[in-house]
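Please read the structure below before turning to the comments.
What follows draws every value from the coordinates through simple rules; no lab data is involved. This one's a predicted model, so the numbers in the text were calculated from it and none came from an experiment. Backbone-built Cβ (ideal geometry, glycine too); neighbour counts: all protein chains shown.
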Amino acid sequence: MDPRLREIADHTRGFLPDDEADALRAAAATARPGLWLEIGTYCAKSTVHLGSVARDRGAHLVTLDHHHGSEENQEGWDYHDSSLVDPHTGLLETLPHARHAIHDAGLEQTVTLLVGSTQQVAPWWTSPIELLFLDGNHTEDVAQHDYAAFSRHLTPGALLLVHDVFEDPRDGGRPPWNVVQRALASGDFVQESVTGSLRALRRTDGDTEEGSAR
Ligand code: MG
């Protein structure tokens, strides 16, 4: 990785250990160029990692977030950062931080910041996706929605990356684990790697369970 981008990623707030960041870039390096979609930008730490590979591969990365934080980022929760609260709205506001990281990394031509919820974007999204990184809201409803809504746009051979997947419930919440089990049970994905809580799966055919049903 470009040492300057590495430094920017290292100084960007987020929840991505180094070994998982390295695995994320290694997996992305095996994806075809085209359109890549990250769900859950936060302050764009993982976006800088993915964007560095996207730039090298000639891919375009869209990163989608409403930028008001997930449940675990809200006041009173473990991952709350009070310095991210916008005094105007009283809400968490991560968009300026993400814009700064992408600007500083020189990735503005490679990355499109898409501001909205996955429920807003899913109904009109039609583009085929070569890499999908699921790292948004980790409640069961939203995690399952995000998988169903966007994985059906993955092309055969495309990559599905899922973050915060914990086999042992004592290590973290169930929804990302359940999403991975659902993907594997569909028969449309094979697992290629496990690094910490990051799983890399590859789509093996042209029809997901949702795709077959529509
Ligand atoms: Mg995560």
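Amide H contacts of Phe189 (H built 1.01 Å from N, in plane; Pro and chain starts excluded): Thr204 sit under 5 Å, all sequence-distant by 5 or more or on other chains. Working note: Karplus 6.51/-1.76/1.60 with θ = phi - 60° gives the range 89-100 the couplings 9, x, 9, 4, 9, 9, 4, x, 5, 5, 5, 5 Hz, where Gly and Pro are set to x. For the Cα trace of the chain, dividing Rg by the Kirkwood Rh returns an Rg/Rh value of 0.94.
Quick check on the chain: of the DSSP beta bridges with both residues there, what percent are antiparallel, nearest 5%?
Numbers: 11 of 30 bridges.
Expressed as a percentage, antiparallel bridges in the chain total about 35.
Annotation: amide H of Ile129 within the under-5 Å range of Leu154, Thr155, sequence separation 5 or more or interchain, hydrogens built in the peptide plane. Whole-Hz Karplus values for the range 148-157 come out as 5, 6, 10, 5, 6, 8, 6, 7, x, x Hz, taken residue by residue from phi with 6.51 cos²θ - 1.76 cosθ + 1.60 and θ = phi - 60°; glycine and proline positions read x. Converting phi to 3J(HN,Hα) with the Karplus coefficients 6.51, -1.76 and 1.60 and the offset θ = phi - 60°, the range 107-122 yields 9, 5, 7, 9, 10, 10, 7, 10, 9, x, 8, 5, 5, 6, 7, 3 Hz in sequence order, with x at every glycine or proline.
Among 131-141, 147-157, sorting by the average number of other beta carbon atoms lying within 10 angstrom of each residue, highest first, gives 131-141, 147-157. Kindly provide the helix-only [θ] at 222 nm of the chain, computed as the sum of -39,500 (n - 2.57) over DSSP H runs of four or more divided by all residues, to the nearest 500 deg cm²/dmol? The per-residue figure over the chain is -10000 deg cm²/dmol. The convex hull built on the alpha-carbon positions of the range 72-136 has an orientation-averaged projected area of 6.2 nm². Sparse packing (at most 13 other Cβ atoms within 10 Å of the Cβ) combined with a DSSP loop state is found for the following GluC sites (Glu not before Pro) in the range 1-106: Glu75. Of Asp104, Asp19, the sequence from fewest to most neighbouring Cβ atoms within 10 angstrom is Asp19, Asp104.
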